[in-house]
Structure formats: structure tokens, C-alpha cells
Ligand SMILES: C[S@@+](CC[C@H](N)C(=O)[O-])C[C@H]1O[C@@H](n2cnc3c(N)ncnc32)[C@H](O)[C@@H]1O
């Protein structure tokens, strides 16, 4: 079995936020959704690459986009298909997208490419299928958030709980690594909640820190 196959099996058995409602999930990401600005793509052909349970697929359908959602986990895709009305749901690997070149106006891949061994190849595929003047937004886990979270949570005494504990492959990046390795633009980081077990409560980073230390780094390209 390859690592990628193990990752696929993992997502078949752990649908990402599978028991959440769209409202609950969207409440967690207000700034991210503002930045993504799905309404801007109303009427356009858009791709949700690694759709999971299809929350953003639904958001894009609701914004009037023509959505194609792909995921290699059939179980995740079943949930997305049930939730996502008019979206076309296709099982495939982002590394080999079954689409002609330069067809999508907009593509997102949020919380996906840090779980796959060939991230570089995946980004090349996204570059291939997005139109030349199109937009693509990719979210990667931020290594600085992990470090800050561990420091504030007292080193070694606290394990950060992402939504994917047990996933066979999780990679963390710095802004510089993303820029140098993948030659794409970095917009900023989002995600300001830090759990401090010492005080038994959540703190929220100010925006000036969140843009560098936030949970997820938003990168890609846009006109
Ligand atoms: C953390 S979930 C994120 C789901 C969704 N984007 C979201 O934000 O809720 C990661 C998803 O990416 C999918 N995935 C990971 N690597 C993939 C690949 N190479 N091709 C297709 N799907 C992939 C997994 O099956 C899983 O459903």
C-alpha cells in the first residue's frame, strides 16, 4: 500500500467535519470566507479540489457558481454529493485531474495539499486546469501556528488537536517555504484561536499576529 492510499483510506473513515452543519462550520471561518469572496465568481466554472464533506462546495453553489467538486475519498464524496445540490462530484486524484487545460475560472484547495505526498505535482495540475487569468486559492497548515500553539500550551504537555488526528500524512509550512518551494504567491494566514490549557480558555490573536501566525496560510494566484 502506498502512503497516498493510506491517506485516502483515512479520509474514507474520517469525513472531515462530517457531523457539522454548514452554519456551524462557516461560523469558524468568517474572515476566510470574506477573503475567498465566492460571490465574485457567480456564474463562473469553479473547482473544489479535495472537497471533503463539501462545505465550500455548498458555499460556492449558494453563491451562484457552477461547481465541480473532486475528492479521492469516495465516502467523503458521497457526503458532499448529498449536501451539494447542483454541484458535479467526481472521484479522482488531484494529481491527475480528468479535465482539459485552462477550463476553470476559479479553483480552491483548502486543507488538502498538506495531506498529499506530491504537493508540487498537485499545484502543477491546478495551474494546468485554471484559466490563464483565473484565480486559485490553496490553504496549507502554518508551522508558526503550530509552534506558537505549543509554546503557549507549554511545550510537551499539550498536543494540538487538528481536525485530522491520526492522518498518515500532515505537513506544516512557513510562508517562505511555500513561496520558495512552490513559486506561488502567499496572501496571508488566517485563524486566530489559540487554546491555552493553563488558563483553560481560548485566546484570540490580534490581526497583526494572525496574518503571520494564523492556523492556515492562504496562497495561490489571482489576477
Ligand atoms: C482536511 S479535508 C478538507 C476538506 C475540505 N476542503 C474542507 O475544507 O472542508 C482533506 C480532503 O482532501 C482529500 N484529499 C487529500 N489528498 C487528495 C488528493 N491527492 N486527491 C483528491 N483528494 C484528496 C481528502 O480525501 C479529504 O477529503
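In table form, for the structure just shown:
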{"quantity": "The chain, relative contact order [Cα under 8 Å, separation at least 6], %", "calculated": "18 percent"}
{"quantity": "Computed [θ] at 222 nm, helices only, for the chain once each DSSP H run of length n ≥ 4 contributes -39500 (n - 2.57)", "calculated": "-10000 deg cm²/dmol"}
{"quantity": "More than 21 angstrom apart: percent of Cα pairs within segment 1-127", "calculated": "36 percent"}
{"quantity": "Overall Cα dimensions of segment 90-135, principal axis frame, Å, largest first", "calculated": "27, 18, 17"}
{"quantity": "Packing-based order for 141-150, 30-39, using average beta carbon neighbours within 10 Å, highest first", "calculated": "141-150, 30-39"}
{"quantity": "Percent of alpha-carbon pairs separated by more than 15 Å within segment 178-221", "calculated": "50 percent"}
{"quantity": "Between helix 119-129 and the chain: long-axis angle, C-alpha atoms, 0 to 90°, nearest 10", "calculated": "40 degrees"}
{"quantity": "Nearest-ten-degree value, helix 74-83 long axis tilted from longest Cα axis of the chain", "calculated": "80 degrees"}
{"quantity": "Binned Cα-Cα distances of segment 1-48, short to long, each 10 Å bin given as a whole percent", "calculated": "20, 31, 34, 15, 0"}
{"quantity": "Longest to shortest principal axis, alpha-carbon extents of the chain, angstrom", "calculated": "51, 37, 34"}
{"quantity": "Mean projected area (nm²) of the alpha-carbon convex hull when segment 23-92 is viewed from all directions", "calculated": "4.3 nm²"}
{"quantity": "Burial ranking of peptide ranges 213-223, 3-13 (average Cβ count within 10 Å, highest at the top)", "calculated": "213-223, 3-13"}
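Rule-based calculations on the coordinates, nothing more; no lab input. Every value quoted in this text rests on a predicted model; they were computed, and no experiment measured them. Because the Cβ atoms are built from the backbone with ideal geometry, glycine has one as well, and the counts that use them run over all protein chains shown.
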